[in-house]
Amino acid sequence: MRMLCFMTLGLFFALIASPLMATPAQKDAASSQSSLATGQRLFLDNCAECHQRNGRGIEGIYPSLASSEVVRGSGVDVALQLIIGRGEMPSFASAMGAEEMADLINYVRNAWGNEGDAIDAATIERLIK
Ligand code: HEC
């Protein structure tokens, strides 16, 4: 009797708990989808004017981000460049917050054939300070 009871309980948890446990992962996937969409919008609004919509820039004037060592190398380097600016490129420190920069960098580092690990807003926050 006790055995049966445990089995019923087990089945109960398997049925009830598994969809509950799946939820955070699905939420993550959904939120990273919307972060990428935000990143893409930020890129089109702030960067595409120089680096072009396809990320390939204009030879001799605006470097390509599609095959850039800086972009592929590390999210921190890209963040520092956005915060400080470089040459003709303005700083974006007052134009966007850490969360937006993270979305933008994660988009750029995973667009046009790039593949980079994600950077989070907290890391960027520390660079700004
Ligand atoms: C006004 C034009 C302009 C805009 C807008 C601009 N950039 Fe740039 N960007 C440049 C120029 C010019 C360079 C090269 C700077 C240098 O090396 O002197 C550059 C360099 C870079 C690099 C380094 C690439 C490499 O391989 O060296 C990255 C990364 C980058 N930009 C990202 C961005 C992102 C992301 C945005 C949007 C927030 C952006 N840029 C907006 C002009 C621009």
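FYI, it's all coordinate maths here, none of it is from the lab. In this text, all values refer to a predicted model and were calculated from it rather than measured experimentally. Cβ placement follows ideal geometry from the backbone for every residue including glycine, while neighbour counts extend to all protein chains displayed.
Put a dot 7 Å past the Cα of ALA122, heading toward its Cβ, do the same for ASP45, and the two dots end up 2.6 nm apart. Residues in region 98-107 carry Karplus couplings, in order, of 4, 4, 5, 4, 4, 4, 5, 5, 5, 5 Hz; the curve used is 6.51 cos²θ - 1.76 cosθ + 1.60 with θ = phi - 60°, and Gly or Pro positions show x.
Using R0 = 30 Å, the C-beta based FRET efficiency linking SER32 and ASP77 works out to 0.90.
Scattering from region 32-128 was approximated by placing one identical point on each alpha carbon and applying the Debye formula without solvent; log10 I(q)/I(0) at 0.21, 0.26 1/Å stands at -1.06, -1.73. With each label modelled as a point 7 angstrom along the Cα→C-beta vector, the GLU115-MET89 pair spans 2.3 nm.
Using the Karplus relation 6.51 cos²θ - 1.76 cosθ + 1.60 with θ = phi - 60°, the per-residue 3J(HN,Hα) values for region 48-56 come to 5, 3, 9, 7, 6, 4, 8, x, 8 Hz, with x marking Gly and Pro.
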